[in-house]
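Below is one structure, written out as structure tokens; comments come after it.
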């Protein structure tokens with residue numbers, strides 16, 4: 001009887017631990033902050049509907065040997081450029097390009113300081129990243145090729161999921177733990193919302209530029225020098241979706257240009273948010 005009771009207790013403890021381990025990490029983000037440092041404006045073409053780059057929720061869930069990441073926007077995800085008809089086919093959406101940076105060790109000076117080429121962002125010393133997951137509308141082969149060609153030194157830490165699920169306002173990817181690791185409460189997260197660009201400039205990894213003046217397919221309100229963050233929305237503050245987090249985002253995405261001398265420019269420095 002004692003042996004049976006011990007086995008039952010052990011099973012209950014195992015199940016309880018599994019439930020706790022499986023609790024998702026959830027961040028909320030306020031609406032109306034899809035303007036980068038507070039000055040950016042959408043392109044003028046009709047495809048770029050208001051709210052298309054306004055992130056509202058991020059959920060990271062432990063799914064056994066995989067990790068599921070879901071990013072929700074303010075409005076329904078659309079595919080105005082028919083990505084499924086690309087050759088090879090895309091992922092079923094066209095506009096957004098989301099990069100999820102992960103700090104897996106929370107050690108100052110450990111990991112990568114700069115974001116992927118084209119974003120013009122950096123991370124704080126105590127929140128550098130070890131992994132980044134890309135949610136791109138481009139075919140997997142195209143995204144991997146871009147990373148290999150333009151960010152070769154970072155490629156080992158870039159995770160490109162095999163597929164993206166598009167449902168309503170949410171984009172979801174599933175990543176093997178062998179590629180990402182097993183999330184825990186010490187991990188830090190930063191979700192960067194950008195715009196997909198099929199014909200990126202120079203060394204940019206599929207990112208759409210922000211210029212001084214908006215155009216058909218260019219965001220405005222930034223700088224024509226290559227110093228402004230090419231970013232529309234990020235997580236900021238406590239990640240609870242409060243209005244004061246807008247100000248925290250605008251502060252994080254502040255930048256200073258110095259003409260053509262990039263050595264004197266001050267790039268935006270992004271924080272990490274740590275799960276509960």
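The values are calculated or read from the model by the stated rules, or taken from the named source; none is laboratory data. Everything numeric in this text was worked out from a predicted model, so none of it was measured. Virtual Cβ from ideal backbone geometry, glycine too; neighbours counted across all protein chains shown.
Name the residue that is surrounded by the fewest Cβ atoms within 10 Å (Cβ to Cβ), counting only residues in the stretch 82-91 that are touching a residue at least 40 places away in the same chain (Cβ under 8 Å) and more than 30 Å from residue 122 (Cα to Cα).
88
Are any residues in the stretch 125-143 buried (at least 16 other Cβ atoms within 10 Å of the Cβ), in contact with a strand residue (DSSP E or B) (Cβ under 9 Å, 6 or more places away or on another chain) and either touching a residue at least 60 places away in the same chain (Cβ under 8 Å) or in a helix (DSSP H, G or I) (or both), and if so, which ones?
127, 129, 133, 135, 136, 138, 143, listed by residue number.
If you check residue 158 against the conditions, is it farther than 25 Å from residue 265 by Cα and buried (at least 17 other Cβ atoms within 10 Å of the Cβ)?
yes
With respect to residue 231, determine if the residue is in a strand (DSSP E or B), within 24 Å of residue 103 (Cβ to Cβ) and either in contact (Cβ under 8 Å) with a residue 40 or more places away in the chain or within 18 Å of the chain's Cα centre (by Cα) (or both).
Considered against the rule, which asks whether it is in a strand (DSSP E or B), within 24 Å of residue 103 (Cβ to Cβ) and either in contact (Cβ under 8 Å) with a residue 40 or more places away in the chain or within 18 Å of the chain's Cα centre (by Cα) (or both), residue 231 comes out as no.
List the number of the failed condition for residue 146; all other conditions in (1) in a helix (DSSP H, G or I); (2) exposed (fewer than 14 other Cβ atoms within 10 Å of the Cβ); (3) touching a residue at least 60 places away in the same chain (Cβ under 8 Å) hold.
Going through (1) in a helix (DSSP H, G or I); (2) exposed (fewer than 14 other Cβ atoms within 10 Å of the Cβ); (3) touching a residue at least 60 places away in the same chain (Cβ under 8 Å) one by one, residue 146 breaks only (2).
Just give me the residues in the stretch 157-211 being farther than 21 Å from residue 142 by Cα and not in a strand (DSSP E or B), in sequence order.
Result: 168, 169, 177, 178, 181, 182, 183, 184, 185, 186, 187, 211.
What residue, of 265, 238, is surrounded by 13 or more Cβ atoms within 10 Å (Cβ to Cβ) and either closer than 15 Å to residue 115 by Cα or in contact (Cβ under 8 Å) with a residue 40 or more places away in the chain (or both)?
That would be 265, the only listed residue that is surrounded by 13 or more Cβ atoms within 10 Å (Cβ to Cβ) and either closer than 15 Å to residue 115 by Cα or in contact (Cβ under 8 Å) with a residue 40 or more places away in the chain (or both).
Would you check which residues across the stretch 234-276 are assigned to a strand (DSSP E or B) and more than 22 Å from residue 28 (Cα to Cα) and list them?
256, 258, 260, 266
Taking into account only those residues within the stretch 87-105 that are out of contact with any helix residue (DSSP H, G or I) (no Cβ under 9 Å at 6 or more places or on another chain) and assigned to a loop (DSSP other than H, G, I, E, B), which is modelled with the highest pLDDT?
95
Here's the yes/no breakdown for (1) at pLDDT 95 or above; (2) surrounded by 12 or more Cβ atoms within 10 Å (Cβ to Cβ); (3) in contact with a helix residue (DSSP H, G or I) (Cβ under 6 Å, 6 or more places away or on another chain); (4) not in a strand (DSSP E or B):
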site: 9; (1), (2), (3), (4): no, no, no, yes
site: 14; (1), (2), (3), (4): no, no, no, yes
site: 19; (1), (2), (3), (4): no, no, no, yes
site: 23; (1), (2), (3), (4): no, yes, no, yes
site: 33; (1), (2), (3), (4): yes, yes, yes, yes
site: 44; (1), (2), (3), (4): yes, yes, no, yes
site: 49; (1), (2), (3), (4): yes, yes, no, yes
site: 71; (1), (2), (3), (4): yes, yes, no, no
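All but one of (1) under 20 Å from the mean Cα position of the chain (by Cα); (2) within 16 Å of residue 116 (Cα to Cα) hold for residue 180, so report the exception by its number.
(2)
Report whether or not residue 206 is surrounded by 15 or more Cβ atoms within 10 Å (Cβ to Cβ), under 17 Å from residue 194 (Cα atoms), out of contact with any helix residue (DSSP H, G or I) (no Cβ under 8 Å at 6 or more places or on another chain) and at pLDDT 95 or above.
no
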